[in-house]
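The values are calculated or read from the model by the stated rules, or taken from the named source; none is laboratory data. Here the structure is a predicted model, which is why all the values come from computation and not from measurement. Neighbour counts run over all protein chains shown; Cβ positions are idealised from the backbone, glycine included. SASA here: full protein model, heavy atoms, side chains in, ligands and nucleic acids out. Shrake-Rupley method; radii C 1.70, N 1.55, O 1.52, S 1.80 Å.
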Amino acid sequence: MAEYIKVNPMYQDRIEEVFQTNINPEIVLEFEIHENDFVNSGKGSAELKVTIKRLGVDPAIMRKVAVAAYEAEINITAHSRGGVMTSNIFPDYVHIVFQDRGPGIEDLSKAMTPGFSTATDLVREMGFGAGLGLPNIERNSDIMKLDSAKNESTKLDVIIFFH
Amino acid sequence: MTLRELAEKLEGEVLTNTPNLDVEVPCAFSSDLISDILMCTKESTLLLTGLTNPQVIRLSDMIDLVGIVFVRGKRPTEELIEMAEERELVLISTNFTMYRSSGILYQEGLRSCKIQ
Ligand SMILES: Nc1ncnc2c1ncn2[C@@H]1O[C@H](COP(=O)(O)OP(=O)(O)OP(=O)(O)O)[C@@H](O)[C@H]1O
Ligand SMILES: [Mg+2]
């Protein structure tokens, strides 16, 4: 498996803590994402946004969470065989895990390049395929970790702090 | 400019059953690329687009859209109009092209939304 990781230097000292497995989120939201389901895709992100809104998260942060989550949700719909989005909400951050069922990403640095896209014509007709989704996720998250390889599943961790 | 005024300037048809069209529109953005729209809208925005699939409405769950203008005679399905009404999102259809619609609104003083 190859790994791509980006960390906002401000939160460098929180990495170990957020990737610990024995921590309990206050709220967990789980959403099934189906391959090519462009009618329902995005509902998980919308629900996540509503939930953190209720917690009083700042609108600018709310927008970052919604945009990053939505791009990741659409990527699973458009490029994979489907998967699960799990949003783990803690008092001062959200950790969203996107786990799909393959076929994986062959070259992570290529996938991260603005403008690179393997989207089909059908997906492009719907307004996707600019090759800006992953760069958009990177811009909007404090910690982003992408793990994948050809013929493997893809796992994406998105962490956004509330303050 | 208000939604009502801009619909008139575009000789457009308001598709949603919207009680209040006298809402001020702060700025606008024209695009057919979803990622581009997500990247560029940081404030309350009017979107001009040729896209008419459900994801265009879904976008308004993530970002702050005041309304959507469908250009070049594009019309969304009834289902989409309902989706928009649930969200109190105004949908307008115009026969003008994206270029012409953007030009008219810009000339009338509707600014481009701030990017970055
Ligand atoms: N979950 C995934 N599984 C397999 N491949 C993926 C996945 N996510 C992204 N990719 C690959 O990375 C490429 C770049 O993704 P990115 O989100 O940046 O652009 P896009 O989805 O093609 O277009 P846009 O997001 O602008 O609509 C995709 O075209 C695809 O090849
Ligand atoms: Mg994408």
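Spot the failing condition for B:Ser102; the list is (1) open to solvent by less than 10 Å² (accessible area, probe 1.4 Å); (2) hydroxyl-bearing (Ser, Thr, Tyr); (3) under 16 Å from B:Gly12 (Cα atoms), and only one is missed.
(1)
Just to be sure before I move on: is A:Arg81 within 13 Å of ligand 1 (Cβ to nearest atom) and either surrounded by fewer than 21 Cβ atoms within 10 Å (Cβ to Cβ) or within 14 Å of chain B (Cβ to nearest Cβ) (or both) in the structure I sent? Working first, answer last.
On the way: within 13 Å of ligand 1 (Cβ to nearest atom): yes; either surrounded by fewer than 21 Cβ atoms within 10 Å (Cβ to Cβ) or within 14 Å of chain B (Cβ to nearest Cβ) (or both): yes.
Against the criterion (within 13 Å of ligand 1 (Cβ to nearest atom) and either surrounded by fewer than 21 Cβ atoms within 10 Å (Cβ to Cβ) or within 14 Å of chain B (Cβ to nearest Cβ) (or both)), A:Arg81 qualifies.
Just checking, how many residues over the range A:121-135 are open to solvent by 20 Å² or more (accessible area, probe 1.4 Å), without any contact (Cβ under 8 Å) to a residue 40 or more places away in the chain and more than 9 Å from ligand 2 (Cβ to nearest atom)?
The qualifying residues number 4.
Of everything in the range A:94-134, what is at the interface with another protein chain (Cβ under 10 Å from one of its Cβ atoms), near ligand 1 (Cβ under 6 Å from one of its atoms) and not hydrophobic (A, V, I, L, M, F, W, C)? Give them in sequence order.
Scanning the range A:94-134 gives A:Ser117, A:Gly129, A:Gly131, A:Gly133.
Determine which single condition B:Pro19 fails, assuming it passes every other condition in (1) farther than 25 Å from A:Ala68 by Cβ; (2) surrounded by fewer than 21 Cβ atoms within 10 Å (Cβ to Cβ); (3) within 14 Å of the chain's Cα centre (by Cα).
With respect to (1) farther than 25 Å from A:Ala68 by Cβ; (2) surrounded by fewer than 21 Cβ atoms within 10 Å (Cβ to Cβ); (3) within 14 Å of the chain's Cα centre (by Cα), B:Pro19 is out only on (3).
Only one of (1) free of Cβ contacts under 8 Å to residues at least 12 places away in the same chain; (2) within 13 Å of another protein chain (Cβ to nearest Cβ) is not met by B:Leu38, so which one is it?
Unmet for B:Leu38, out of (1) free of Cβ contacts under 8 Å to residues at least 12 places away in the same chain; (2) within 13 Å of another protein chain (Cβ to nearest Cβ): (1).
Can you find, within the range A:101-119, the residue that is most open to solvent (accessible area, probe 1.4 Å) among those that are more than 9 Å from ligand 2 (Cβ to nearest atom) and touching a Gly at 6+ places or on another chain (Cβ under 8 Å)?
Step one: of the range A:101-119, the residues more than 9 Å from ligand 2 (Cβ to nearest atom) are A:101-116, A:118.
In the following step, the residues that additionally are touching a Gly at 6+ places or on another chain (Cβ under 8 Å) were identified as A:101, A:113-116.
Numbers: A:Arg101: 118, A:Thr113: 64, A:Pro114: 89, A:Gly115: 52, A:Phe116: 79 Å².
So the residue we want is A:Arg101.
Please find, within the range A:44-63, the residue that is nearest to the other protein chains (Cβ to nearest Cβ) out of those that are in contact (Cβ under 8 Å) with a residue 24 or more places away in the chain and open to solvent by 60 Å² or more (accessible area, probe 1.4 Å).
Among residues in the range A:44-63 that are in contact (Cβ under 8 Å) with a residue 24 or more places away in the chain and open to solvent by 60 Å² or more (accessible area, probe 1.4 Å), the one nearest to the other protein chains (Cβ to nearest Cβ) is A:Asp58.
Just to check your reading of the model, which residue among B:Leu15, B:Leu91, B:Leu33 is aliphatic (A, V, I, L, M), closer than 30 Å to A:Thr77 by Cα and within 14 Å of chain A (Cβ to nearest Cβ)?
B:Leu33
For the range A:7-33, name all the residues that are of a type in the set (Asp, Glu) and either outside any loop (DSSP other than H, G, I, E, B) or surrounded by 14 or more Cβ atoms within 10 Å (Cβ to Cβ) (or both).
Once the filter is applied, which keeps residues that are of a type in the set (Asp, Glu) and either outside any loop (DSSP other than H, G, I, E, B) or surrounded by 14 or more Cβ atoms within 10 Å (Cβ to Cβ) (or both), the range A:7-33 yields A:Asp13, A:Glu16, A:Glu17, A:Glu30, A:Glu32.
Among the residues of the range B:56-64, is there at least one that is open to solvent by less than 20 Å² (accessible area, probe 1.4 Å) and away from every other protein chain (no Cβ under 11 Å)?
For the range B:56-64, residues open to solvent by less than 20 Å² (accessible area, probe 1.4 Å) and away from every other protein chain (no Cβ under 11 Å): absent.
When the range A:136-151 is examined, which residues are found to be within 10 Å of chain B (Cβ to nearest Cβ) and open to solvent by 20 Å² or more (accessible area, probe 1.4 Å)?
A:Arg139
Does A:Asn36 satisfy being assigned to a loop (DSSP other than H, G, I, E, B) and over 20 Å from A:Ser153 (Cα atoms)?
In short, no.
Against the condition acidic (Asp, Glu), under 11 Å from the mean Cα position of the chain (by Cα) and either away from ligand 2 (no atom under 16 Å from the Cβ) or facing chain B (nearest Cβ under 10 Å) (or both), how does A:Glu71 come out, does it pass?
yes
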